[in-house]
Structure formats: C-alpha cells, structure tokens
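Below is one structure, written out as structure tokens, with a few remarks after it.
Only the coordinates and a few stated rules stand behind these numbers; no lab work does. Keep in mind it's a predicted model, so treat the numbers as computed, not measured. Don't worry about glycine lacking a Cβ; one is built from the backbone with ideal geometry, like all the others, and counts go over all protein chains shown.
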C-alpha cells in the first residue's frame, strides 16, 4: 500500500504551481490549514483557482494577499467574528478576482461528483433563483468556458427534464481540483488519517482532488489507529504528502485540540476592510514572523494554552465564554 511522502510545510507548498486549482478541508473557521495558507502567501503564489464548498478566514487571507484569480463557492466570512468577506468583496468589485456563485448544495454535489468519478450530479437546489441567471455566469462572461481550461466546465449548469418524473432538474458539473490541503488531528506513521469531530466535506474533497497534502497536528503509531478503523477518515493511498505541524489551524479551531481564537479572527476581520490595513496585518503576522514557529512565538504560550482543549472534556476550560 502506497504511503505519503513526509515533507516540511515549505516543501509541500513549493510543490503547488501558480495557477493551480485548489481546495481545502474544514469548514468556515474550523480545522482550516492556516499554516499552509500563510506559507502560500510567503511563497507568493499567484493566479490560484480556489474551488471550495464554503469559504472562511483562509479564503480572505489568500485573496487579500493577491494569490487568487478565480473563486468558486457559495459563501465567505468568519461566522460570529465577522460576517462579511471584506477582501473578496473588495477584489471582486475591482475585477481582480472572478467570482462564480453556486449554492452550498451545488458546491457539495460538485465535489461529490468529482469524488465519484462522475461528470455531474442532479439536484433541485436553487431552481428559480438568480444563481441560474445566465447573466451571472461570470466564467462564461469572461470567455473562460471555451474548453481551453481543463478545470473549468463548458457550462455552469444544465437544466434538464427528469426522464422518470418529468420534473426539471439541474445538472451541476463535477470539480476535480489539482490540490487539496487538509488539517487532521492525527495521522498514522504510514499515512492513515483520523479526524475528530465533524468531518464536513473532507472525504469528498480528498477523493475529488488529484494531489492531497495532509497536515497533521501529530503523527501517531499506525497500530493505534487500526484498533478502531471505523473512526479513520481515509487510508494512506489517498494522501500524497504528509506534514507534521502542531497548531497548524490557528486561528481556526481544531476539535479536541484547541478552540477558535475568536479575538484574533475578529481583529483580522477589522484589519481586512481596506487593502492598506490588510497589507500591514500581513507584514506583521505572515512576513514578519518568518515561519510557523515564529508565528506561534508571537501569539505566545499563554494564549495558546488558554485555547488548548482539555483532553478529557474536548474543549478549553480556560477560555472566557459569552454569557447572557
């Protein structure tokens, strides 16, 4: 059975060429591989085609840094720490990023179709909405559905008549990203991946993608993971590269390991509202720290320990939480 190649974070990100189609595991502000996102910015990645079931803080960092040319998804924001994707809004308005809007179900079905090796999947979702308005087919409007780009389907969707019921259906095209980056709590020595808590659409994203990088909070004995195989996410042969890196999801949360750093995300959201403020933030938190460990040192041990989850309870007992 093939095993993933263990590499450093810098080595893994160097493998991703400019212009790649990329997706991420996790959901909004949970289990996002932020260390990889910061490293992509440090390495100056350009013209990325970001296709994801939904966006989050990682999306805003990549777009604000000018790494993204095309974004296909349904939503971006920071949940209760910042509802609006300020960077995407700014770059979309200026024409620096092409936005292709689908519904959440559409994006999930596109990833699911890609994971199953199917060209499309049918759905009733969004019939009668402006998501299906041909005027808002932005990839088509910019002439990118001419078949010259292997990752851009020739049609955004197709409305068809179901042969069984006679009702209208939408066929949404599959997506097969070049790269998928996933953050997992633990990975076995041979590459078996285990994710605690909600799995979101990680399995579909992994199976749909051509190359997969998994960032592990910790590498553990393979024998331990094989005691309960039903708890594992994917086998080693679906993973190409493995990086071991603690706190790689900060400021997003990693269930059972550490909480969302809400104050950090809220501060980032405020600093993302203008390009000048974003550039200053990036200089301080991405370029100014050098690497992931410099970033952790800047955050500080006390803050990290406050976020760390109690290993029995599964959540931090040190965090001050909201009250009514």
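Structure data summary
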quantity: DSSP beta bridge pairing in the range 54-198, given as percent antiparallel to the nearest 5; calculated: 70 percent
quantity: Value of relative contact order over the chain, rounded to a whole percent, pairs C-alpha under 8 Å and six or more apart; calculated: 21 percent
quantity: Taking the range 1-154 and dividing mean pair separation by its residue count, relative contact order in percent (alpha carbons under 8 Å, at least six apart); calculated: 16 percent
quantity: For the chain, share of DSSP beta bridges that run antiparallel, in % to the nearest 5; calculated: 35 percent
quantity: Contact order normalised by residue count of the range 156-226, Cα under 8 Å, 6+ apart, percent; calculated: 34 percent
quantity: Euclidean distance between Cα centres, the range 1-50 to the range 163-216, Å; calculated: 15 Å
quantity: Cα-only radius of gyration and Dmax that characterise the chain, units Å; calculated: 19.7, 62
quantity: Approximate spin-label separation residue 162-residue 47, in nm, with each point projected 7 Å along Cα-to-Cβ; calculated: 4.2 nm
quantity: Distance between modelled label sites at residue 277 and residue 310, nm, 7 Å Cα→Cβ extension; calculated: 3.7 nm
quantity: Ellipticity estimate at 222 nm from DSSP helix runs (n ≥ 4, -39,500 (n - 2.57)) divided over the chain, nearest 500; calculated: -7500 deg cm²/dmol
quantity: Antiparallel DSSP beta bridges within the range 1-128, percent to nearest 5; calculated: 10 percent
